[in-house]
Amino acid sequence: MSQLLQPEAEVVLQLTNISKRFGSLLANDAVSLELHRGEVLALLGENGAGKTTLMNILFGHYVADEGTIAVFGKPLKTSSPRAAIEAGVGMVHQHFTLADNLFVLDNITLGTEPLWRLWHDARSARQRLAHLSERFGLAVNPDAKIGTLSVGERQRVEILKALYREVKILILDEPTAVLTPPEAESLFATLRQLTEAGLSIVFISHKLQEVMTVSDRVIVLRAGKVVADVTTADTTPTQLAEHMVGRPLPKTIRQPLMPGEPVLQLDNVTLKTGNLAVLDAINLLVRQQEIVGIAGVSGNGQAALFDLLSGLLTPTQGTVWLYGQALHQFSPAAMVQAGVARIPEDRHTTGLVADMNIWENLILETHQEAEFSHVGLLKRDAASRHAANLIAAFDVRCPSPNATVRLLSGGNMQKLILSRELSRQPKLILASQPTRGLDLGAVTYVHQRLLDARANGAGILLISEDLDELLTLSDRLCVLYKGQLSEPIAIEDVVVSEIGLMMAGKEKMKG
């Protein structure tokens with residue numbers, strides 16, 4: 001991204017042999033890295049590889065057990081965010097740390113003035129903010145309340161907050177996770193301006209194409225250790241993926257299939273909360289052997305659509321058709337009995353019961369069937385055998401069917417949900433953010449399982465905020481914006497820039 005760095009470029013940050021343990025877990029194992037002036041350093045790794053722990057040590061949230069940190073050649077001894085900021089290090093977290101009820105200017109200046117000062121120098125703060133906004137192309141209204149801003153605007157505020165504190169090193173943790181494509185492009189333009197001004201950036205992401213676009217150099221962590229330190233121009237996404245997981249990853253390929261009969265149809269379905277239409281006269285068709293993707297920024301009706309089709313909500317008006325029959329009863333039990341599989345976005349609190357055993361979770365929706373129940377009593381041996389078979393078939397890494405679900409990793413929790421839902425050979429699959437928070441290996445696994453289910457005849461409604469995921473898996477794509485659903489677009493006809501504008505509400509949708 002930045003101009004080609006010279007070998008003698010100033011080292012602004014140096015971490016040497018950083019180690020951190022949590023009980024028996026070695027999260028960081030003698031990690032060393034350098035960051036140069038004007039450089040974008042991408043930090044890659046699967047979940048649990050140690051990326052976040054390392055950055056939390058740098059920013060003062062954790063104290064390293066071993067190792068040293070130097071910022072601009074000076075040791076960083078005091079472990080606190082304030083010490084890091086005073087040394088010139090700023091961090092924009094994936095989940096923003098802004099006060100929704102305060103104005104932009106207040107959020108940016110909060111904590112920057114001495115407590116003993118009797119007045120707030122708003123005029124100077126406003127002038128300084130205007131200068132930073134103009135210089136780095138970060139347009140934002142200083143008098144807007146944070147709660148009224150889009151996700152992209154909130155991220156601008158977070159970056160301005162760091163720049164206002166005169167940081168020279170900026171850590172960005174998954175900065176594009178909730179951005180539309182135009183917002184991501186705007187962010188990349190800002191990063192180019194920041195590095196040209198001499199700032200140095202640590203860019204944490206799981207999106208390999210973004211890493212290739214935005215970074216000068218890439219460091220890959222695996223199991224707490226540095227396994228690769230490469231110049232971006234000298235590597236490929238495939239090589240980076242292999243560094244991350246320690247093995248070649250199979251490529252996910254969606255084979256063309258002829259769609260079958262409709263399994264789900266919505267005709268002018270409206271869902272109101274009070275006077276607000278969270279779903280506004282939407283029309284939707286999902287057929288056998290196809291995946292229909294729903295793109296959109298979080299909060300535009302995706303959760304309501306999933307809950308409606310899961311049987312948790314009843315439409316205010318309109319008709320929902322399952323397999324050609326109008327649906328009159330809306331309940332989770334009715335959907336399960338109708339052969340609808342549900343993969344909810346929150347696997348921890350909605351998809352699974354964390355304090356129950358694996359085998360109990362795997363029969364939650366079928367425990368009353370004769371295979372697992374007799375005169376009201378559970379057949380535990382049958383349930384355990386069933387669980388063992390699914391654990392083997394879906395490669396769930398766990399001690400035994402009796403293990404508590406809470407002990408599993410996020411990827412293995414998702415495999416558990418997939419095994420429960422897909423083993424019933426459903427006709428319709430509702431998948432909401434099915435790979436959120438998963439590492440690259442788990443993402444590949446989930447994608448292939450969904451494609452296998454499609455090939456076996458299922459119709460799939462895929463709701464995702466990850467546009468790359470939608471483009472990889474979908475046969476047709478719709479955009480959901482403020483409860484309105486666009487007409488479907490065949491995936492081969494999709495123009496990403498247009499989809500991004502529709503997601504941001506800047507291009508009129510036909511629906």
### Matching entry among Ala370, Ala304, Ala388, Ala326 (being modelled with pLDDT of 90 or more and either closer than 26 Å to Gly457 by Cβ or touching a Cys at 6+ places or on another chain (Cβ under 6 Å) (or both))
Ala326
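Each row is one residue, and each column tells you yes or no for (1) under 15 Å from Val226 (Cβ atoms); (2) in the same structural domain as Ile219 (by TED's automatic domain parsing); (3) within 19 Å of the chain's Cα centre (by Cα); (4) without any contact (Cβ under 8 Å) to a residue 40 or more places away in the chain.
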site	(1), (2), (3), (4)
Glu34	yes, yes, no, yes
Gly38	no, yes, no, no
Leu44	yes, yes, yes, no
Ala49	yes, yes, yes, no
Tyr62	no, yes, no, no
Gly73	no, yes, no, no
### Task
Identify all residues within the stretch 75-97 that are among the aliphatic types (A, V, I, L, M) and either under 31 Å from the mean Cα position of the chain (by Cα) or under 27 Å from Thr176 (Cβ atoms) (or both); write none if there are none.
Ala83, Ala84, Ile85, Ala87, Val89, Met91, Val92
### Message
Which count do you get for residues in the stretch 201-233 that are in a helix (DSSP H, G or I) and more than 18 Å from Thr180 (Cα to Cα)?
### Response
3
### Summary
Taking the stretch 454-488 and the residues there that are part of a loop (DSSP other than H, G, I, E, B) and in contact with an Asp or Glu (Cβ under 7 Å, 6 or more places away or on another chain), the one that is surrounded by the most Cβ atoms within 10 Å (Cβ to Cβ) would be Asp475
### Message
So if I check each of Leu284, Leu313, Leu257, which one is closer than 26 Å to Asp466 by Cβ, in a strand (DSSP E or B), in contact (Cβ under 8 Å) with a residue 24 or more places away in the chain and not charged (D, E, K, R)?
### Response
Leu284
### Summary
Residue set Thr252, Thr273, Thr319; condition touching an Asp or Glu at 6+ places or on another chain (Cβ under 9 Å) and of a type in the set (Ser, Thr, Tyr); output residue Thr319
### Summary
Among Leu309, Leu285, the single one that is modelled with pLDDT of 95 or more, among the aliphatic types (A, V, I, L, M) and either under 23 Å from Met413 (Cβ atoms) or touching an Asp or Glu at 6+ places or on another chain (Cβ under 7 Å) (or both) is Leu309
### Query
Taking only pairs six or more apart or across chains, which ones have beta-carbon atoms under 8 Å, a first residue in the stretch 358-380 that is on the phi > 0 side of the Ramachandran plot, and a second residue that is of a type in the set (Val, Ile, Thr) and at pLDDT below 80?
none
### Task
Could you grab me the full set of residues in the stretch 318-346 that are touching a residue at least 24 places away in the same chain (Cβ under 8 Å), touching a Gly at 6+ places or on another chain (Cβ under 7 Å) and assigned to a helix (DSSP H, G or I)?
Met335
### Query
Looking at this structure, is Ala197 modelled with pLDDT under 90 and of a type in the set (Gly, Ala, Ser)?
no
### Task
Please determine, by comparing only the residues of the stretch 394-411 that are surrounded by fewer than 19 Cβ atoms within 10 Å (Cβ to Cβ) and among the aliphatic types (A, V, I, L, M), which one is nearest to Asn361 (Cα to Cα).
Ala403
### Message
Out of everything in the stretch 426-450 that is in contact (Cβ under 8 Å) with a residue 60 or more places away in the chain and part of a loop (DSSP other than H, G, I, E, B), what residue ends up being surrounded by the most Cβ atoms within 10 Å (Cβ to Cβ)?
### Response
Pro434
### Query
In the stretch 379-423, how many are in a loop (DSSP other than H, G, I, E, B), within 28 Å of the chain's Cα centre (by Cα) and farther than 22 Å from Glu46 by Cα?
2
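The values are calculated or read from the model by the stated rules, or taken from the named source; none is laboratory data. Bear in mind that the values here come from a model prediction, so they are computed numbers and not experimental data. Quick reminder, even Gly has a Cβ in these numbers, built from the backbone with ideal geometry, and neighbours come from all protein chains shown.
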